[in-house]
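Data first, discussion second: the structure below is written as structure tokens.
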Amino acid sequence: MQSIKLSELKQFTSKPKWYAAQGMAMIIFGGIIASLSILAPNVTMLGKNFSWLPIIGIIVLLVGCSRCIDAYASDSAQGFLYNMQGGILDVVVGFLVIFSLDKEPDNLILLLVGYLVSQGIYRNVLLSVAQIRNPMSNRITGLISIILGMFIWIWVDGSTSGAWFLSLSLSVDICFRGWALIVLASSLKTTAVKD
């Protein structure tokens, strides 16, 4: 039984420095876009008033690409599937956010609600199956994603006036996901020192 748990953890133990760097970049870029979404909510990009959504769409796309790289670098099938599923979802949503800014805002709202809620549920379901060190950071991140998705569902109307909140929600989600990666990397470093 102990060897099974160690093999499950192996997918998360090989790259603590990479996880820390990736998490720090996510916090920095997510924090910058979240701040800009609050300070300058009515920015016009690409000829439309969609606030900072094009930029955060690119960041979500890049996060998805890095998760796909993590999947290919994974040592186990579980790590590959976990990272590839999340990475593909991030890449698809990033592309859809970038290329649907000239369409109806209602479609974008439903897309982002589905994305945030499904990511949050996925993270919490994953914790019941996989053994991850410091699972509380992933649980908190998952709950925040679900709450942000529900706020978008309830609060944002179908006009572009709520685009600042969409970009803020995605930015906050990226920040907390980066925080969870840094917590994971930190716990992996302390475990490596103890071993």
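Only the coordinates and a few stated rules stand behind these numbers; no lab work does. Computed from a predicted model, the values in this text were never measured in an experiment. Cβ placement follows ideal geometry from the backbone for every residue including glycine, while neighbour counts extend to all protein chains displayed.
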Percent relative contact order for segment 14-190, counting Cα pairs under 8 Å at least six residues apart, stands at 37 percent
Each label sits 7 Å from Cα toward the beta-carbon; between ILE58 and LYS189 the label points are separated, in nm, by 3.0 nm
Each label sits 7 Å from Cα toward the beta-carbon; between ASP157 and MET24 the label points are separated, in nm, by 4.4 nm
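Over all distinct alpha-carbon pairs, what is the Kirkwood Rh of segment 14-190 in angstrom?
Values: mean 1/r = 0.0616 Å⁻¹.
One over the average 1/r among Cα pairs gives 16.2 Å for segment 14-190.
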The Cα extents of segment 15-88 along the principal axes, largest first and rounded to whole Å, are 45, 22, 13
The extension gain from SER128 to ILE32, computed as 0.36 nm times the residue separation minus the Cα-Cα distance, is 31.3 nm
